[in-house]
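Some notes on the structure that comes next.
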Amino acid sequence: MKNIFYIFFLFTLLSCNKKVSITPIVVSPSWRGTPGKLVVKKGNLVDTIYDCHFGYTPEYKILKHLDKEYLFTSCEMNNGGDNYQTFVLWSLEDATFLDTLYFKELNISKEIQIKDKTFNWTRRKGNLRLDKNTIVFEMDSIITLVTNDEIMDTISFGKSFKRIKLQ
């Protein structure tokens, strides 16, 4: 009877060891390009994701689909007139732990000088979600004509979808 109890206890202990834990680490920025860190642990597997700038850590969430878990990270990086956002989907499976399943770097805003005072601004938003066995990346775009920081006209709205099958 004791052997059955010990086997059950060992099985329970090993099952709990597969839980994913994420520890964000804000780094003291010594320069603009200093990335933040996310330490990801699952059982005996440990790895670090470096992303963002000024020492900030990326936003993250665990996505569950069927019997699998995925880690989604995203980070906005300001670069003057051109600002970027990263969208990354990572594997949390043991054999492919933190392999990149999807990566997209999106220019989310752009300022272009036209003549002396007129700017054409592009603003974009991205979203990543799982739908069945497919990664769906959705992007909204707004292009406006701006003069002296006042929106004069909305030139276009746009929405696009990219679908990638998961293996």
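Bear in mind that the values in this text are calculations on the coordinates, not laboratory data. Everything numeric here is computed off the predicted structure, so don't read it as measured data. Positions of Cβ are generated from backbone atoms using ideal geometry, with glycine treated the same way; all protein chains shown enter the neighbour counts.
Here the gap between Val136 and Val39, fully extended at 0.36 nm per residue and compared with their Cα-Cα distance, gives a gain of 32.3 nm. Per-residue Karplus couplings for the range 51-57, computed as 6.51 cos²θ - 1.76 cosθ + 1.60 with θ equal to phi - 60°, are listed in order as 7, 6, 8, 6, x, 6, 9 Hz, Gly and Pro entered as x.
With 25 Å as the limit on Cα-Cα distance, the pairs of Lys37/Lys132; Lys64/Lys165; Lys68/Lys159; Lys18/Lys162; Lys132/Lys159 that go past it are Lys37/Lys132; Lys68/Lys159; Lys18/Lys162. Estimated translational diffusion coefficient (Stokes-Einstein, Kirkwood radius over Cα pairs, 4 °C, 1.567 mPa s) of the range 49-91: 113 µm² per second.
Remark on Leu166: its backbone amide H falls under 5 Å from those of Thr134, Ile135, a criterion applied only to residues 5 or more positions apart or on other chains, H modelled at 1.01 Å from N.
Between Thr144 and Asn78, the distance separating the two model label sites (each 7 Å from Cα on the Cα→Cβ line) works out to 1.8 nm.
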